[in-house]
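The values are calculated or read from the model by the stated rules, or taken from the named source; none is laboratory data. Quantities reported herein were computed from a predicted structural model and do not represent experimental measurements. Don't worry about glycine lacking a Cβ; one is built from the backbone with ideal geometry, like all the others, and counts go over all protein chains shown. Please note that ligands, DNA and RNA were not included when accessible areas were found on the heavy atoms of the full protein model with its side chains. Shrake-Rupley method; radii C 1.70, N 1.55, O 1.52, S 1.80 Å.
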Amino acid sequence: MSQPASGSGAGKRGPGMAGRPPAGGPRGSESASQLGEVAGFGLTMALATALFAWLGSLLDGRLHTEPLFVLVGAFGGFGAGFYSMYSRLVLRARKSESEPRADDGDEAAADDPD
């Protein structure tokens, strides 16, 4: 017969610790920031797709070309949302990699005795 896990003391938190996040400093705020950024990507893509599809619907109503511009607008909006996400993720990462760091120059100056 096994004893309940509550008697082992593993996983217990002290008094008053139930509502506090685990220790680790800014790690929790960093993951929340990343979650917000990812949610922003999804929201941007959804809104761009919906807006362009709606504009296509208005154009279809005026020109009597029922599904044509709704589809064009939906695909165009999806493309615009994807490009927005791509530019924020990939192009920003490439730009930050190509920029020289201020730290690198300071270390070389500190090592030089002259």
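At-a-glance table
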item: Residue among 52, 41, 75 that alone is at pLDDT 90 or above, open to solvent by less than 60 Å² (accessible area, probe 1.4 Å) and among the aromatic types (Phe, Trp, Tyr); result: 41
item: Close pairs from region 72-100: first at positive phi, partner among the small types (Gly, Ala, Ser) and assigned to a helix (DSSP H, G or I), Cβ under 6 Å, at least 6 apart; result: none
item: Subset tally (residues that are at pLDDT below 80, open to solvent by 80 Å² or more (accessible area, probe 1.4 Å) and in a helix (DSSP H, G or I)) for region 84-109; result: 4
